[in-house]
C-alpha cells in the first residue's frame, strides 16, 4: 500500500467532486450537492481559495479527502482550523487513511499556531464518532450548532433592524 497525502490542485477538481458526491450519498443527501467540478477548479485556482484540501492517494488513486479552512477563537486570540469534511471511500476504510489525514491536519494546525481544530459529526454516524473518540477528540457539550441557509439567510440579509 503506497499512501500519499498531498494538497489538492485545480487539476484534482473532478476527483474531489466525485468524493464529495460519495460523501453526500453516505450522509443520506445524494441530491444536495450543488457544487460542480468547474466551480471547484475555479476555487482551487483562486488567488485566495475559500478552502484548502488534502487528498489521500492510495496506489495513485484518490480515495479520501479532508477539506478545511481557517477560523478564529476570540477567547484564545489565535487562529483555528475548521475541518468541514473528512471522507475516505468505504472500501478503503480501516487502513489508517483517515487517521493519516487528521494527523497531517493536526501538524498543519500546530505549524500555523492554531489553538484548536473543530468539526461536526452527524449524531447517527457511530463509526465516525468512535473513530474521533479513539484519537482523543471529544464532543463540545453545551453548544448547539445553528445554520442559516436559503430563504432564511436572504431574509436576514434584507432585514433592517
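The values are calculated or read from the model by the stated rules, or taken from the named source; none is laboratory data. Values in this document were obtained by computation on a predicted structure and should not be read as measured data. Cβ placement follows ideal geometry from the backbone for every residue including glycine, while neighbour counts extend to all protein chains displayed.
Taking segment 8-42 as the range and being over 19 Å from residue 64 (Cα atoms) and surrounded by 13 or more Cβ atoms within 10 Å (Cβ to Cβ) as the test, only 42 passes. Please count how many residues of segment 92-120 are in contact with a helix residue (DSSP H, G or I) (Cβ under 7 Å, 6 or more places away or on another chain) and outside any strand (DSSP E or B). Total meeting the criteria: 1. Scanning segment 12-24 for residues that are touching a helix residue (DSSP H, G or I) at 6+ places or on another chain (Cβ under 7 Å) and free of Cβ contacts under 8 Å to residues at least 40 places away in the same chain yields 13, 14, 17. Sort through 48, 39, 61, 9 and tell me the only one that's on the phi < 0 side of the Ramachandran plot and touching a helix residue (DSSP H, G or I) at 6+ places or on another chain (Cβ under 8 Å). Just one listed residue meets the conditions, 9.
Scanning segment 84-99 for residues that are more than 11 Å from residue 63 (Cβ to Cβ) and modelled with pLDDT under 95 yields a count of 3. Has segment 100-108 got any residue that is out of contact with any strand residue (DSSP E or B) (no Cβ under 9 Å at 6 or more places or on another chain), in contact (Cβ under 8 Å) with a residue 40 or more places away in the chain and within 26 Å of residue 8 (Cα to Cα)? Checked segment 100-108: no residue is out of contact with any strand residue (DSSP E or B) (no Cβ under 9 Å at 6 or more places or on another chain), in contact (Cβ under 8 Å) with a residue 40 or more places away in the chain and within 26 Å of residue 8 (Cα to Cα).
Scanning segment 121-140 for residues that are closer than 20 Å to residue 79 by Cα and either in a helix (DSSP H, G or I) or touching a strand residue (DSSP E or B) at 6+ places or on another chain (Cβ under 9 Å) (or both) returns 137, 140.
In segment 131-154, the residues that are on the phi < 0 side of the Ramachandran plot and surrounded by fewer than 11 Cβ atoms within 10 Å (Cβ to Cβ) reach residues that are at pLDDT 90 or above and part of a loop (DSSP other than H, G, I, E, B) with C-beta atoms within less than 7 angstrom, at least six apart or across chains, in these pairs: 145/120.
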